[in-house]
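Quick notes on the structure that follows.
The values are calculated or read from the model by the stated rules, or taken from the named source; none is laboratory data. Not measured: the values here are computed from a predicted model. Heads up, the Cβs are rebuilt from the backbone with ideal geometry, glycines too, and the neighbour counts pull from every protein chain shown.
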Amino acid sequence: MREFLITYRQSVQITFRCQGRRILHPRRRLDLDANMLSTAPSVVLAVILFMFRVSAAAATLDAEVVDQQGRPLEHAVLTLQGPPGKLPITLTVDMDQRNQQFAPRVLAVHSGTQVAFPNSDNIRHQVYSFSTPKRFELRLYEGTPSLPVLFDQPGVVALGCNIHDSMLGYVYVTEDPWFAVSGSDGSIKFDQLPVGHYRVTLWHPGSAEMQPLAGGEIEVSVTGLRQRFTVPVEGNGMGMDMTPAPSTFGDAFKKATGK
Ligand SMILES: [Cu+2]
């Protein structure tokens, strides 16, 4: 034990000394400072040029998603494949439960995203999914469950609650770098898009067989683009029924899981 302690102390000291020499050696530090001073102007110039290039090349896409009768479609997901270089967004996001409903009803995430399922109601929920891209079940809980759920496979994940059959939500997992969900007016806005050519994919819970639809190809120029996309939806054309009867949930669930 004593031997070990001595060895440990020595190794700490040796490491410390090595680090001290490497990092704090006065001559080395002066060299570094001199190098930094000589390269600073070119670095600043490069940063300015990069910022100018980015801001000059960024554009906006104003999309409007409507159903087959031209009515604004809420809860539609629009994803974009485009110029390379965009890093995937894999943050932890919330799928809340409020007033015995999922909030939002449709959540779009990049594959690899952790989704937390906080419960803002004062009753307990038991969230689950049998959808192929993510099968999971959170035991009956109040407040925030201890761990978020990882969504690492692209596809549609239909969410339910074992206690409340009318609770129905969706996590749409995409590998496209740009994605968003339409608001109640059917609008989706993408800011800071690189100018270029994009391939559009659309999805809505009310679309046939719950399959994603090809939305065509678009050219986003520096002046931006305003475009309308149509997603045919089944039934009454209003898309997803927000308070489905249990049997409706069963049908929707079968569609999402393909079973
Ligand atoms: Cu519930």
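Answer with yes or no whether residue 72 is over 19 Å from residue 183 (Cβ atoms) and surrounded by 15 or more Cβ atoms within 10 Å (Cβ to Cβ).
Details: over 19 Å from residue 183 (Cβ atoms): no; surrounded by 15 or more Cβ atoms within 10 Å (Cβ to Cβ): yes.
Judged against the criteria, residue 72 is not a match.
Taking the options 173, 181, name whichever one is in contact with a Gly (Cβ under 9 Å, 6 or more places away or on another chain) and more than 16 Å from the ligand (Cβ to nearest atom). Criteria check complete, one pass: 173. In segment 122-133, the residue that is farthest from the ligand (Cβ to nearest atom) out of those that are closer than 27 Å to residue 88 by Cα and crowded, with 20+ Cβ neighbours inside 10 Å is 131. Listed conditions (1) surrounded by fewer than 16 Cβ atoms within 10 Å (Cβ to Cβ); (2) of a type in the set (A, V, I, L, M, F, W, C); (3) assigned to a strand (DSSP E or B); (4) within 16 Å of the ligand (Cβ to nearest atom) are all met by residue 159, apart from (1).
Kindly indicate whether residue 165 is charged (D, E, K, R) and touching a Phe, Trp or Tyr at 6+ places or on another chain (Cβ under 7 Å). Considered against the rule, which asks whether it is charged (D, E, K, R) and touching a Phe, Trp or Tyr at 6+ places or on another chain (Cβ under 7 Å), residue 165 comes out as yes.
Every test in (1) closer than 16 Å to residue 80 by Cβ; (2) at pLDDT 95 or above is passed by residue 185 save one, and that test is (1).
Among the residues making up segment 134-148, those that are within 27 Å of residue 79 (Cβ to Cβ) and within 16 Å of the ligand (Cβ to nearest atom) are 136, 138.
Among the residues of segment 68-101, count how many are over 17 Å from the mean Cα position of the chain (by Cα) and either outside any loop (DSSP other than H, G, I, E, B) or more than 16 Å from the ligand (Cβ to nearest atom) (or both). The qualifying residues number 12. Screening residue 65 against (1) farther than 18 Å from residue 219 by Cβ; (2) part of a loop (DSSP other than H, G, I, E, B) leaves a single unmet condition, (2). Are any of the residues in segment 127-146 acidic (Asp, Glu), under 18 Å from the mean Cα position of the chain (by Cα), assigned by TED's automatic domain parsing to the domain that holds residue 234 and at pLDDT 95 or above? No, segment 127-146 contains no residue that is acidic (Asp, Glu), under 18 Å from the mean Cα position of the chain (by Cα), assigned by TED's automatic domain parsing to the domain that holds residue 234 and at pLDDT 95 or above. With respect to the conditions (1) within 13 Å of the ligand (Cβ to nearest atom); (2) more than 26 Å from residue 207 (Cα to Cα); (3) modelled with pLDDT of 95 or more, residue 116 lacks only one, and its number is (1).
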